[in-house]
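First up is the structure itself, then whatever we jot down about it.
The values are calculated or read from the model by the stated rules, or taken from the named source; none is laboratory data. Source: prediction; values computed, not measured. Every residue, glycine as well, gets a Cβ built from its backbone with ideal geometry; the counts of neighbours run over all protein chains shown. Note: accessible area is taken over every heavy atom of the protein model, side chains too, but ligands, DNA and RNA are not part of it. Shrake-Rupley method; radii C 1.70, N 1.55, O 1.52, S 1.80 Å.
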Amino acid sequence: MREAMAVANCEGINLGEQDLADYLSMLAVLADAGMPSMRQDILLGRPTEVELFAGTILAYAKKHGLETPVNRRLYKII
């Protein structure tokens, strides 16, 4: 999330620590047995949205000279 925040800020989208805290609070109330749609896609052998999510972050990070090792790793794994 912090990598996405850094990219967003370079693009003029003001995301800060409160946005991160709000996101984590939302995640805390989700059911433990649930899983993200991308995980469901992997389990069912469907194409994922990794290009849309991590791929976009990687492209914008490159544009701004930012390092995004977590997104790069997830992109390669998925």
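Numbers below:
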{"item": "Label of the coordinate-derived value, Rg and Dmax of the Cα atoms in Å, listed as (i) 12.6, 41; (ii) 15.8, 50; (iii) 14.0, 38", "result": "(iii)"}
{"item": "The chain - percent relative contact order, Cα under 8 Å, separation 6 or more", "result": "33"}
{"item": "With DNA, RNA and ligands ignored, accessible area of Met26 (1.4 Å probe; Å², nearest 10)", "result": "100"}
{"item": "Average accessible area per residue (Å²) across the chain - probe 1.4 Å, nucleic acids and ligands excluded", "result": "75"}
{"item": "The chain - percent of accessible surface contributed by carbon and sulfur, probe 1.4 Å", "result": "60"}
{"item": "Accessible heavy-atom area order of Glu3, Glu11, Glu17, highest first, probe of 1.4 Å", "result": "Glu17, Glu11, Glu3"}
{"item": "Accessible surface of Leu52 - all protein chains present, 1.4 Å probe, nearest 10 Å²", "result": "110"}
{"item": "Residue with peak Gaussian network fluctuation, the chain [Cα springs, cutoff 10 Å], from Asp22, Asp32, Asp41", "result": "Asp32"}
{"item": "Leu44-Asn9 pseudo-label distance in nm [points 7 Å out on the Cα-to-Cβ vector]", "result": "3.7"}
